[in-house]
Each structure stands twice: as C-alpha cells, then as structure tokens.
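A.B. asks: First the structure, then my questions, so here it is.
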Amino acid sequence: MKKMQRIILSLTLLLPLFFLAACKEKKAAAKTERYTITAGNYGAGGSVGSPIYAIAQHDGIFNEQELDVKLFQTDRNAYVEALTVGKFDLTFTSFIAQVASAAQGADLVVFGGSQSGGEAYFANKDVAEKYKNIDNWGDIKIGLLLNSTSELHLRTVFQRDKGIDIKGNIKYMDGEEAKLQATVKGVVDATHISRQYFDTAENMGLIKLFYLNDIQPDYVCCRLTANGQAFRNNKEAFIRFLKAEIKAYKIYKEDPDAVINALKKEKFDEDFIRKYVLDPKTNGGINFNPDPNFNGVNDVYETMKRIKFVENGRDIKEFFDISVYADALQQVIAEYPDEQIYKNMWTFFIEHNNHYPDFEKEYLKK
C-alpha cells in the first residue's frame with residue numbers, strides 16, 4: 001500500500017514537469033514557425049527605394065524574424081487593383097489611391113509608414129523670389145499630377161491654414177518631364193518634384209522655393225497598405241515585418257555605411273545615396289519611419305471628403321490599423337529596454353496617432 005502511495009506521489013510531482021515541457025515545446029514551435037509576405041512594387045529598376053527595407057532584407061533582419069519577404073514588380077496603374085484581389089499582401093507606395101479605394105469599400109488596410117519628405121517646389125527663375133513666400137501664392141499657377149499626393153497635401157495645407165481651395169491655381173500635367181518643361185517655359189509658375197529630379201530642375205534653371213516639410217512637417221507620403229484578408233488572417237507575419245523594419249530604422253539612423261551598402265545592393269549609386277538619402281542639407285527632409293502616422297493620413301482623408309475626391313467614404317477606422325505597429329514596437333522595446341531610439345519612436349507614435357479612435361484608452365496606458 002505504501003509502495004503504491006509512493007508511486008502516486010511521484011507521478012503527481014512529475015506531472016507538472018511533463019506539462020511544462022510540453023508548453024515549452026509548443027512555444028518553441030510557435031517561435032520558429034516561418035512566415036512569408038509578398039509585396040508589390042512599381043519602383044524603378046525593381047527597387048523599393050527604402051533603406052529600412054533594404055537593410056531588413058539584405059542584412060538578414062527579416063530572416064531573424066523567421067520571415068521571408070518576396071518582392072514582385074507590378075504596373076503603377078494597376079497595383080491597387082492587384083493588391084485588392086490578393087495578388088500580393090502589401091505595397092509600400094503612395095497612399096492616395098489606396099485610401100480612395102478603401103474608402104469606397106475595397107478590402108485594404110493601411111497599417112504603417114514607408115516614406116515622407118524628399119520632395120520640393122521649384123519655380124521659374126523670373127517669379128521665384130515672389131513665390132518663396134507661400135503667402136503670395138494667391139495668384140500662382142502650379143503644375144501638378146492629377147490626384148497626386150502633392151495635390152492633396154497642398155490643398156490640405158491651404159484649406160487648413162487659409163480656408164481656401166487652391167484647385168483653381170492648379171494645372172494638371174502628364175508627368176515629371178511635362179511639369180519641368182512647363183515651369184521652364186512659364187506655362188506655370190512652379191511645380192512639385194521629388195528628390196531624383198532636383199539636379200535636373202536646377203540644371204534647367206529652376207529655383208527651389210522650399211521643401212514640402214517646410215509647410216507640412218512630418219507630412220505623410222508612401223504608406224504600408226495590406227490586402228485586408230491577408231492582414232486579418234496573418235497578423236503575426238505583419239508584426240514580424242514591422243519589427244524588422246523598426247530594427248532596420250535604428251540602423252538607418254545610426255549607421256550610414258550600412259545604408260550605403262544595403263542600397264547599393266538595390267542598384268542605387270553611392271553618390272545618390274549620400275546626397276538624397278543621407279545628407280539632410282540636400283535630401284529634402286526625407287525620412288523612412290515605419291510609423292503609420294494616422295493623424296497625417298486622417299488630415300488628408302478629411303480633405304479628400306471635403307473636396308468630393310471621395311464621396312460617402314467609410315469611417316477611416318474601418319481601413320486603418322495602428323495596433324500591429326504598436327505591438328511590434330512594444331515587443332522591440334521589451335527586447336531592448338535600454339535603447340533610447342525605440343522609446344523615441346514610441347513618443348512619435350503617441351504624438352502622430354493620438355487622433356485614432358479610443359487611442360487614449362488603448363495606448364496611453366502602455
């Protein structure tokens with residue numbers, strides 16, 4: 001009888017150890033499960049152009065997260081439709097078309113940031129001095145691409161700060177070359193261009209007025225946007241994607257040699273990288289923060305509704321998610337509690353996403 005009691009006691013003591021071992025095995029299996037994300041891109045030469053993507057990909061940070069990111073080239077005029085039907089899981093690109101489609105019911109989710117800055121207004125030399133002061137833009141003729149990020153930002157700034165719609169001052173152009181030529185010939189007074197055309201504009205005799213950051217600090221440009229079904233079914237993959245980009249962002253901010261090496265693997269010229277990615281005097285204030293910046297997107301979305309660019313649009317919360325970025329950043333902070341840059345990124349998150357519904361309840365407690 002005593003022998004049987006000893007056996008039962010031994011089994012009772014060992015049973016929790018068996019359960020603990022089983023839990024550890026399950027956790028290990030979950031940790032090592034590998035995910036795949038497909039990304040659509042229409043960048044020149046097959047490159048995304050983002051140093052944090054390049055660092056995460058070529059320096060093995062995606063791999064450390066047990067994540068494979070496969071890049072597919074897509075047509076600029078069809079990428080939103082391709083994303084919507086699930087030909088790939090996410091895009092890195094300009095957000096106007098995605099937001100407009102999502103507002104009308106397309107199953108898309110904006111969940112992170114890709115790029116802001118790196119853009120400027122240039123003017124014909126005969127009128128440049130006058131238009132360096134945006135308060136003098138009441139009679140300006142400006143060349144822009146139809147439904148572009150630059151158009152929506154400009155109209156947002158003027159409606160917010162001056163209470164006017166500047167649409168009547170805009171002349172729509174077919175492309176970058178058309179905008180530059182029209183400005184040189186005086187068909188328009190000024191135009192908006194991105195960093196890869198700064199040298200061309202100056203060589204054509206145009207004068208830089210100011211960067212977009214000068215009139216709209218931390219304005220939103222390219223956003224990370226996901227296919228809705230892929231996002232809902234595979235959130236862990238998107239969290240890992242953002243964790244990798246957050247870690248790559250630290251390297252981008254602290255190690256210029258790593259930026260150069262990673263972007264050279266994306267076929268970028270070193271002089272271009274130094275001038276238009278790294279040098280704050282010439283890069284147009286470009287930044288590649290993966291933060292979603294809900295506040296900035298919402299400002300533009302409100303303009304889109306006000307000017308009837310979008311009619312009867314859905315509530316933005318239905319197609320905008322900040323939770324995966326918050327989760328990813330909190331996990332990185334927990335992993336590296338002494339790294340100040342990650343704490344600074346959390347501060348930026350609070351300042352640029354605090355207009356999100358129920359933000360205070362959900363995030364200020366963290």
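A.B. asks: Determine, from the Cβ-Cβ distance of Thr282 and Asp126 and an R0 of 22 Å, the FRET efficiency 1/(1 + (r/R0)^6), rounded to the nearest 0.05.
C.D. replies: For R0 = 22 Å, the calculated efficiency reads 0.35.
A.B. asks: Is there a pair in Lys141/Lys275; Lys130/Lys185; Lys185/Lys208 whose C-alpha atoms are over 19 Å apart, and which pairs would that be?
C.D. replies: Check vs 19 Å cut-off fails for Lys141/Lys275.
A.B. asks: Within the stretch 191-228, name every residue whose backbone N is under 13 Å away from a label modeled 7 Å from Cα of Thr38 along the Cβ vector.
C.D. replies: From the stretch 191-228, the list is 227.
A.B. asks: Here's something else I'd like to know. Rounded to the nearest whole Å², what accessible area per residue is found for the chain with the 1.4 Å probe?
C.D. replies: 48
A.B. asks: Still on this model: Please give every one of the aspartates and glutamates within straight-line cross-link reach of Lys87, meaning a C-alpha to C-alpha distance under 15 Å, and leave out same-chain neighbours fewer than 8 residues apart.
C.D. replies: Within reach: Asp75, Asp107.
A.B. asks: Tell me, what is the Rg over Rh of the stretch 92-133, with Rh the Kirkwood radius over Cα pairs?
C.D. replies: Ratio of gyration radius to Kirkwood radius: 1.26.
A.B. asks: Which log10 I(q)/I(0) values, to two decimals, does the stretch 266-307 give at q = 0.30 Å⁻¹ under the Debye formula with one point per Cα?
C.D. replies: -0.96
A.B. asks: What is the ratio of the Cα radius of gyration of the stretch 205-268 to 2.2 N^0.38 Å, with N the residue count, to two decimals?
C.D. replies: The stretch 205-268 yields a ratio of 1.58.
A.B. asks: If I ignore ligands, DNA and RNA and count only protein heavy atoms, how much of Ile61 is accessible to a 1.4 Å probe, in Å² to the nearest 10?
C.D. replies: Near enough 10 Å² of accessible area.
A.B. asks: Just in the stretch 196-305: which trypsin sites (Lys or Arg not before Pro) are loop by DSSP and have at most 15 other Cβ atoms within 10 Å?
C.D. replies: Those that pass, being in a loop and sparsely packed, are Lys265, Lys267, Lys281.
A.B. asks: So in the chain, what percent of DSSP beta bridges are antiparallel if you round to the nearest 5?
C.D. replies: Looking only at bridges with both residues in the chain, the antiparallel portion is about 55 percent.
A.B. asks: A further question follows. Step by step: find N for the stretch 138-186, compute 2.2 N^0.38 Å, then divide the Cα radius of gyration by it. What's the final number?
C.D. replies: Expressed relative to 2.2 N^0.38 Å, the Cα Rg reads 1.16.
A.B. asks: For Lys267 and Asp358, compute 0.36 nm times the residue count separating them, minus their Cα-Cα distance, and round to one decimal in nm.
C.D. replies: Length difference between fully extended and current span is 28.4 nm.
A.B. asks: Of Met204, Met304, which has the most accessible area and how do the rest follow, probe 1.4 Å?
C.D. replies: Met204, Met304
A.B. asks: Sticking with this one: Taking 0.36 nm per intervening residue step and subtracting the Cα-Cα distance, what contour gain separates Asp135 from Asp199 on full extension?
C.D. replies: Result: 20.4 nm gained on full extension.
A.B. asks: Determine the share of the chain's accessible area contributed by carbon and sulfur atoms, expressed in whole percent, with a 1.4 angstrom probe.
C.D. replies: Answer for the chain is 50 percent, counting heavy atoms of protein chains only.
A.B. asks: Here's something else I'd like to know. Normalised by the empirical 2.2 N^0.38 Å for globular proteins, what value does the Cα Rg of the stretch 51-144 take?
C.D. replies: Ratio of Rg to 2.2 N^0.38 Å for the stretch 51-144: 1.56.
A.B. asks: Counting pairs of alpha carbon atoms under 8 Å apart in space and at least six apart in sequence, what relative contact order in percent does the chain give?
C.D. replies: This gives 24 percent for the chain.
A.B. asks: Step through the table entries Lys125/Lys265; Lys132/Lys243; Lys247/Lys361, compare each Cα-Cα distance with 30 Å, and write down the pairs that go over it.
C.D. replies: Lys125/Lys265; Lys132/Lys243
A.B. asks: Let me ask you something else. With charges set only on the Cβ (+1 for Lys and Arg, -1 for Asp and Glu), what does the dipole of the chain come to about its Cα centre, in debye to the nearest 20?
C.D. replies: 1220
A.B. asks: Moving to a separate point now. List the pair-distance distribution P(r) of the stretch 98-159, using every Cα-Cα distance, as the percent of pairs falling in each 5 Å bin from 0 up to the bin containing the longest distance, rounded to whole percents.
C.D. replies: 3, 12, 19, 22, 18, 9, 8, 7, 3, 1
A.B. asks: So how many Å³ per residue does the convex hull of the Cα atoms of the stretch 133-238 work out to?
C.D. replies: Here the figure is 142 Å³ per residue.
The values are calculated or read from the model by the stated rules, or taken from the named source; none is laboratory data. Bear in mind that the values here come from a model prediction, so they are computed numbers and not experimental data. Neighbour counts run over all protein chains shown; Cβ positions are idealised from the backbone, glycine included. These area figures cover heavy atoms from the full protein model, side chains too; ligands, DNA and RNA do not enter into them. Shrake-Rupley method; radii C 1.70, N 1.55, O 1.52, S 1.80 Å.
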